[in-house]
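Here's the structure we're looking at; comments come further down.
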Amino acid sequence: MERKIHDMSVAGELMGDFSKAEIEAGRRLFSGPWDFVSAAGSLASLPPMTAPEIAFAGRSNVGKSSLINALTGRRALARTSNTPGRTQQLVFFGGPDRLVLVDMPGYGYAAAAKSKVAAWTTLIHDYLRGRATLARVYVLIDARHGLKIADDSILDTLSQAAVSHEIVLTKCDQISEAALAERIEAIKTTMRKRPAAFPDLIATSARTGAGMEQLRAAIARLMAERAR
Ligand code: GDP
């Protein structure tokens, strides 16, 4: 039997493990060049469905752009800015092996105009419901704050549409290991009531790189399962 990798950090132990081969497959999947493909502010302007897509959703400022940049090793691929202008679009990035990453508009931005919020909320939810090539959505949650009411509607839509999804904790470098372990347990308990969601979660830090190997491996595993 293949030896399993055990990360000794709290995050690693609780996040489920991957074989050495899967970690390597994840590394390879993300080692090639990644580039901007297109941005869509409406359903009509979405790119054609040509390759599996992995989307990243979360409240504004959750660390979504930083995570995408850390995953792809491209420092400024996704723009890490809090100005809610460009981030109202779905942004598509293409990499090697026909995998597409989708940076979704951040939600819950308090200062945004109501009409705009309504427009991009509709876009997000329509995309999640109707995208046949959408392989999985990672819902990002700030480790310091945990699940918030603003996260409920996206989780509801994902459940209703039966889209594979999983929680990714961000900014785990900002809390102690004990607090992280507690946070993970609390989220797992809440998520157990949502059977369509993956029961595990991945704890990450774009700043330290923690959890990146696991997230890449999880995506590589998903790609391998789909190719079967
Ligand atoms: P987005 O709005 O979700 O795309 O969030 P950004 O990626 O722009 O990040 C929002 C803020 O959180 C920025 O100030 C980042 O530097 C910070 N941030 C993002 N990821 C991390 C992380 O892993 N650790 C820490 N400490 N800060 C982070």
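Read-outs throughout are calculated quantities, based only on the coordinates presented, and are distinct from any laboratory measurement. Fair warning: this is a prediction, and the values are worked out from it, not measured in the lab. Here the Cβ positions follow ideal geometry from the backbone for every residue, glycine too, while neighbour counts run over all protein chains shown.
On the basis of the beta-carbon distance and an R0 of 30 Å, ALA181 and ALA227 show a calculated FRET efficiency of 0.30. Using a ≥ b ≥ c from the Cα gyration tensor of the range 9-223 (square roots of the eigenvalues), is it rounded, prolate or oblate, where a/c under 1.5 gives rounded and otherwise the larger of a/b and b/c decides, a/b for prolate? It is rounded, given that a/c, with a ≥ b ≥ c, falls under 1.5. Take every pair of alpha-carbon atoms less than 8 Å apart whose residues are at least six positions apart; their mean separation over the length of the range 108-228 yields a relative contact order of 23 percent. When HIS165, HIS125, HIS145 are sorted by how many other C-beta atoms sit within 10 angstrom of their C-beta, beginning with the fewest, the order is HIS145, HIS125, HIS165.
Could you list the residues of the range 164-185 with an amide nitrogen less than 15 Å from a label point located 7 Å from the Cα of ARG207 in the Cα-to-C-beta direction? Taking a point 7 Å out along Cα→Cβ of ARG207, the residues of the range 164-185 whose backbone N falls under 15 Å are 170-177, 180. Excluding same-chain neighbours fewer than eight residues apart, the aspartates and glutamates reachable from LYS171 by a Cα-Cα span under 18 Å are ASP7, GLU13, ASP103, ASP142, ASP151, GLU182, GLU185, ASP200, GLU213. The sum of -39500 (n - 2.57) across all DSSP H runs of n ≥ 4, divided by the residue count of the chain, sets its helix-only mean residue ellipticity at 222 nm to -11500 deg cm²/dmol. Taking the DSSP bridge list for the range 9-223 and keeping only pairs wholly inside it, about 30 percent are antiparallel. In nm, to one decimal, how far is the ASP173 label point from the THR189 one, both placed 7 Å along Cα→Cβ? Label-label distance for ASP173 and THR189, simple model: 3.0 nm.
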